[in-house]
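Below: the structure, in structure tokens.
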Amino acid sequence: MTLNIENLVRSAAIVAVGLPVTLALASSVGTANKIQSDAAAPNARKTLTEGVKTDLTKPCLNWVFADVDSKLEKSAESDIEEYWDGDVDIAETCKWVLS
């Protein structure tokens, strides 16, 4: 078997053109897969805030519709503060929960 210069040049040209194209294509496929998997995974912050809003919807509705200084209002305030384990701004909390 003899080495032919033309075959060596042709092989080098194929590698020089094919390698960058192959690497770019592999990189774009990897990036597309990552974007797709990130989009499919639930956003932790969104999941958490939706859970908090779900938990506090009833106490906030009770607070909003209760008469001032009524037993229902006090109970709703207690439930909301107990959820947060401390004093909170009830009006702002319920505004956020019900938005």
Considering residues of the range 65-94 that are closer than 20 Å to T49 by Cα and of a type in the set (V, I, T) only, the residue surrounded by the fewest Cβ atoms within 10 Å (Cβ to Cβ) = V88
Scanning for something assigned to a loop (DSSP other than H, G, I, E, B), at pLDDT below 95 and of a type in the set (S, T, Y), does the range 46-53 turn up at least one residue?
-> no
Pairing a residue in the range 83-99 that is closer than 11 Å to P59 by Cβ with any residue that is among the acidic types (D, E), where Cβ atoms lie under 6 Å and the two sit 6 or more apart in sequence or on different chains, gives I90/E77
Qualifying positions in the range 47-89 - within 27 Å of the chain's Cα centre (by Cα) and among the hydrophobic types (A, V, I, L, M, F, W, C) = L48, V52, L56, C60, I80, W84, V88
Subset of the range 58-99, residues among the β-branched types (V, I, T) and part of a helix (DSSP H, G or I), comes to V64, I80, I90, T93, V97
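The values are calculated or read from the model by the stated rules, or taken from the named source; none is laboratory data. Source: prediction; values computed, not measured. Using ideal geometry, Cβ is built from the backbone for each residue, glycine included, and neighbour counts are taken over all protein chains shown.
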